[in-house]
1. Looking at the stretch 384-404 only, could you name the residues that are part of a strand (DSSP E or B) and under 26 Å from V258 (Cβ atoms)?
2. Taking interchain pairs and intrachain pairs at least six residues apart, which have beta carbon atoms under 9 angstrom, with the first residue in the stretch 264-279 and under 21 Å from K343 (Cβ atoms) and the second of a type in the set (S, T, Y) and surrounded by fewer than 18 Cβ atoms within 10 Å (Cβ to Cβ)?
3. Out of all the residues in the stretch 124-141, which are modelled with pLDDT under 75 and surrounded by 20 or more Cβ atoms within 10 Å (Cβ to Cβ)?
4. I22 is checked against (1) at pLDDT below 70; (2) open to solvent by less than 50 Å² (accessible area, probe 1.4 Å); (3) closer than 26 Å to Q276 by Cβ; (4) in contact with a Pro (Cβ under 9 Å, 6 or more places away or on another chain) and fails just one. What number does that condition carry?
5. Within the stretch 229-269, count every residue that is open to solvent by less than 40 Å² (accessible area, probe 1.4 Å) and modelled with pLDDT of 65 or more.
6. Show me the helices (runs of 4 or more DSSP H) found entirely inside the stretch 128-205 where at least 1 residues are within 19 Å of S246 (Cα to Cα).
7. Does V120 satisfy being open to solvent by less than 40 Å² (accessible area, probe 1.4 Å) and modelled with pLDDT of 80 or more?
Amino acid sequence: GSVLNGMSKKLKTSKDLVPVTIITGFLGSGKTTLLNHILKSPDHGLRFAIIENEFGDVGVDDGVLKQTSEDQIIEMMNGCVCCTVRKDLVDVLKKLSSERFQNFDAVLIETTGLADPAPVAQTFFVDDEISGKYKLDGIVTVIDCAHAKEHLEEEKPEGVENEAVEQVAFADRILMNKIDLVDEAKICELEKKIKSINTQAKLIRTDHSQIDPHELLNIQAFSLDRVVAMDPEFLDTDGEHEHDKSVSSLSFKFEGSVNVSHLQDFIQVLMQESGQDLFRYKGLLAVKGMDMKFIFQGVHMLFQGGFDPDYPWKPDEKRECRFVFIGRNLDHDKIRKGFLECKVDESKPLRFKAGDKVFANVGGYEPGTIMRLWDEGNPYRIKLDSGEEVWGPIDVDLYVKGRS
């Protein structure tokens, strides 16, 4: 089947799922201080389960964290979350949701300074038992303003990831920490650098990781509402860094609708060619012949999307497509062009009309009659002379040709 089939199952997150925040950032950027602050802060009135891991077998961080009876702190002691993650993170989360730990409001996962957050994030989409109990709420990256620029600009050998850049690219919130150590000009320069990597994340300046925990919770970064509300107007669309070797954001919107079969082919190719380089992406599309909005989002190869009955196009609403990709080595022109090629040209009517006699390609060409146009996203619904009904997915001879 195609990428998009079978994806139309409801992607709703229900109220009773426990929200999970991933906290990432380089060693020494202030993640432990941040957790400490959240645990000590009396105002939020929330109980947290904290999962953290350290490189090496001696957990340094848990000695520093304020131990409170309210919060459950679980150490993952086998090195890096991202190498080993799936299995043991899943085990820890399942253990947490057992009877003994029922009484917490949210989970914080602290990843090691070298961890790419993607495998941690993907755990929440891959394992059904986990996605039935938890919802990934957002990814928070803590950066040390005094040293971040060197980390972000560090030249890595061919094929080696720059983790600092990846952490910025994945983030929904970025804490610009240790601002007391640098001057305003330096902070502004750093903010500009960060925005060149990730146009979407909200930047928050902090001193000693002091922040109202509510800023980091209930981000709903992976919720459909957030994708629907996404406004690419303010996004960088002037395409100044066309094909940067490093990490960039690409956003784009156009009026009109796309052909769903073209779209499926395009996304399939995009996933195969660039899946590993796509860190985060999301979009909302108008599909010709469908009254519902097609909403998608993903992390690397993990594409989630579908038509959502909760989000119909209103009769007077302007149908448009909009999306954002954040990733490495993105060929901006190629992706834009690929999307535009999926667009239905409204000025060009379909070649056939209802009642026309045609040949439909169903492995070989068989005679049939066009029943109706734009049926469930397909240009043609055809009744074969044999009585069977089929769709003509794209208006070209390969699929449907005249019987003249």
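The values are calculated or read from the model by the stated rules, or taken from the named source; none is laboratory data. Note that this is a predicted model, so its numbers are computed, not measured. Cβ coordinates were reconstructed from backbone atoms using ideal geometry, including for glycine residues, and neighbour counts include every protein chain displayed. Just so you know, the surface numbers come from the protein's heavy atoms only, side chains and all, with ligands and any DNA or RNA stripped out. Shrake-Rupley method; radii C 1.70, N 1.55, O 1.52, S 1.80 Å.
1. Within the stretch 384-404, the first condition is being part of a strand (DSSP E or B), and the residues that meet it are 384, 389-392, 400-402.
Selection gives E389, V390, W391, G392, V400, K401, G402.
2. Q264/S2; D265/S2; I267/S2; Q268/S2
3. Those that are modelled with pLDDT under 75 and surrounded by 20 or more Cβ atoms within 10 Å (Cβ to Cβ): none in the stretch 124-141.
4. Of (1) at pLDDT below 70; (2) open to solvent by less than 50 Å² (accessible area, probe 1.4 Å); (3) closer than 26 Å to Q276 by Cβ; (4) in contact with a Pro (Cβ under 9 Å, 6 or more places away or on another chain), only one is false for I22: (1).
5. 17
6. Working: elements: 128-131, 148-153, 163-170, 184-197.
Ranges flagged: 148-153, 163-170, 184-197.
7. Criteria not met by V120.
Quick grid of which residues meet (1) open to solvent by 10 Å² or more (accessible area, probe 1.4 Å); (2) over 21 Å from V396 (Cβ atoms); (3) in contact with a strand residue (DSSP E or B) (Cβ under 9 Å, 6 or more places away or on another chain); (4) in a loop (DSSP other than H, G, I, E, B):
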| residue | (1), (2), (3), (4) |
| --- | --- |
| K282 | yes, yes, yes, no |
| G289 | yes, no, yes, yes |
| F303 | yes, yes, yes, no |
| G306 | no, yes, yes, no |
| D316 | yes, yes, no, yes |
| L340 | yes, no, yes, no |
| A354 | yes, no, yes, yes |
| G363 | yes, no, no, yes |
| R372 | yes, no, yes, no |
